[in-house]
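Asker: Below is a structure I'd like to ask you about.
The values are calculated or read from the model by the stated rules, or taken from the named source; none is laboratory data. Since the structure is predicted, the reported quantities are computational estimates derived from the model, not experimental observations. Virtual Cβ from ideal backbone geometry, glycine too; neighbours counted across all protein chains shown. Ligands, DNA and RNA are excluded from the accessible area calculation, which covers all protein heavy atoms including side chains. Shrake-Rupley method; radii C 1.70, N 1.55, O 1.52, S 1.80 Å.
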Amino acid sequence: MATSILSHAFPTTCTTFRRPVSAVNIHHNPPLLLQPLQRHRKKNHIKWAIKLSLVEQSTQKSSFDLQQLVAFLYDDLPHLFDDKGIDKSAYDERVFFRDPITKHDDLSGYLFNIALLKTIFRPQFQLHWVKPTGPYEITTRWTMVMKFMLLPWKPELVFTGTSVMGVNPENGKFCSHVDFWDSLKKNDYFSFEGLLEVLKQLRIYKTPDLESPKYQILKRTANYEVRQYDPFVVVETNGDKLSGNTGFNDVAGYIFGKNSTTEKIPMTTPVFTQAIDVDLSKVSIQIVLPSDKETKSLPNPNQETVSLRKVEGGIAAVIKFSGKPMEDIVREKEKILRSNIIKDGLKPQPGCLLARYNDPGRTWSFIMRNEVLIWLDDFSLD
């Protein structure tokens, strides 16, 4: 989708209509003309009709360089929610913004939306890439992790997707910004699917205030997250089943001082059980060690059955669930996750991990945070 050259009969504004594609020939695709948005009323509902028609390539030379705008966004968008903020001079006064549940038609509304999100949700914004996808169009891919500060348990909301940003060829300023969430089938405003996506992320999960393996969320679909994990070190021993606790006292004993130097090591979360075979029968139980620990500097375990291992990290698909992680439930979650991964064209490795974040003796089951992880062979963030 491209932005349009508008006649002087209409306000200077533009928008976008379709999902971006990963590669567009910008030399052979003609720009699109956005006809005025017309409001229609039908059965007491307000709908906005966006009509697009192809027009011939303009012979008028643009006064802006699309690659310079790409470089500008790489520098500017990381400041979307920090104290510096974005450079509002780069945006048209009539900039059109739309995501599945929010809509604004001018710069003041656009900036108000950013300020509101910053105040209520404290977003962490990660920009993955920026690329031109049309003569007057730039697409960005991002991850946004937010905490809803108005609720006592401060739930974490995760959204990933793309933004298609139209450029006004008359002044080189951004005149539209349309978001597409990866977790939705239909991104049109107003999306009840989008509203439900927000509401379901408000549920209570209790995550202990302990160090966890570091990861970045690359993509969040309707069914799972794709994460990129940094390397981490575990102390492990043999277990009996994914939901079992056999071997936990041995690995816990290591961090509590049962090692060659009697060093006590801070507790982390989660506790992993990992199956490395297709049948999920060969299981180990693991405790993640603090990120400042390296295998060569750690004391040796006192027990021969306990060992240290560096996990190189990588890309994993993850599904989250609450309640007591009984064996049949864990296996069903693994089956669902693997099926969705394959359906989406990804390549899962054999086996899986169960991550248990909570002490079952001190946590109500309905707020327990559990996750099933499956490592992926490769993943491209298009």
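Asker: What are the residues in segment 127-147 that are over 12 Å from Thr162 (Cα atoms) and open to solvent by 40 Å² or more (accessible area, probe 1.4 Å), if any?
Answerer: Matches in segment 127-147: Lys147 only.
Asker: Among the residues of segment 148-171 satisfying the criterion of being free of Cβ contacts under 8 Å to residues at least 40 places away in the same chain and outside any strand (DSSP E or B), which is least open to solvent (accessible area, probe 1.4 Å)?
Answerer: Among residues in segment 148-171 that are free of Cβ contacts under 8 Å to residues at least 40 places away in the same chain and outside any strand (DSSP E or B), the one least open to solvent (accessible area, probe 1.4 Å) is Met149.
Asker: For segment 284-303, enumerate the residues that are open to solvent by 10 Å² or more (accessible area, probe 1.4 Å) and of a type in the set (A, V, I, L, M, F, W, C).
Answerer: Matches in segment 284-303: Leu298 only.
Asker: Residues that are among the acidic types (Asp, Glu) and either within 26 Å of the chain's Cα centre (by Cα) or assigned to a strand (DSSP E or B) (or both): does segment 309-320 have at least one?
Answerer: Yes - at least one qualifying residue is present in segment 309-320.
Asker: Of the numbered conditions (1) assigned to a loop (DSSP other than H, G, I, E, B); (2) closer than 25 Å to Lys333 by Cβ; (3) at pLDDT 95 or above, Asn187 satisfies every one except a single condition; which is it?
Answerer: Tallying (1) assigned to a loop (DSSP other than H, G, I, E, B); (2) closer than 25 Å to Lys333 by Cβ; (3) at pLDDT 95 or above, Asn187 fails exactly one: (2).
Asker: Within segment 198-220, work out how many residues are in contact (Cβ under 8 Å) with a residue 24 or more places away in the chain and either closer than 27 Å to Gly361 by Cα or open to solvent by less than 20 Å² (accessible area, probe 1.4 Å) (or both).
Answerer: So the count comes out to 15.
Asker: Which of the residues spanning segment 233-275 are in a loop (DSSP other than H, G, I, E, B), small (Gly, Ala, Ser) and either on the phi < 0 side of the Ramachandran plot or surrounded by 17 or more Cβ atoms within 10 Å (Cβ to Cβ) (or both)?
Answerer: Gly239, Ser243, Gly244, Gly247, Ser260
Asker: Of (1) touching a Ser or Thr at 6+ places or on another chain (Cβ under 7 Å); (2) open to solvent by less than 20 Å² (accessible area, probe 1.4 Å), Ala355 satisfies all except one. Which?
Answerer: (1) is the only condition that Ala355 fails.
Asker: In segment 276-304, which residues are part of a loop (DSSP other than H, G, I, E, B), closer than 21 Å to Trp375 by Cα and within 27 Å of the chain's Cα centre (by Cα)?
Answerer: Listed by number, the residues that qualify are Ile276, Leu289, Ser291.
Asker: Oh, and also: Hey, does segment 363-370 have a residue that's assigned by the TED database to the domain that holds Asn249, open to solvent by less than 80 Å² (accessible area, probe 1.4 Å), closer than 17 Å to Pro208 by Cβ and part of a helix (DSSP H, G or I)?
Answerer: Within segment 363-370 (the criterion being assigned by the TED database to the domain that holds Asn249, open to solvent by less than 80 Å² (accessible area, probe 1.4 Å), closer than 17 Å to Pro208 by Cβ and part of a helix (DSSP H, G or I)), the answer is yes, since at least one residue qualifies.
Asker: Here's another thing I want to ask about it. Checking Ile329 against (1) in a strand (DSSP E or B); (2) hydrophobic (A, V, I, L, M, F, W, C); (3) open to solvent by 40 Å² or more (accessible area, probe 1.4 Å), which single condition isn't satisfied?
Answerer: All conditions pass for Ile329, except number (1).
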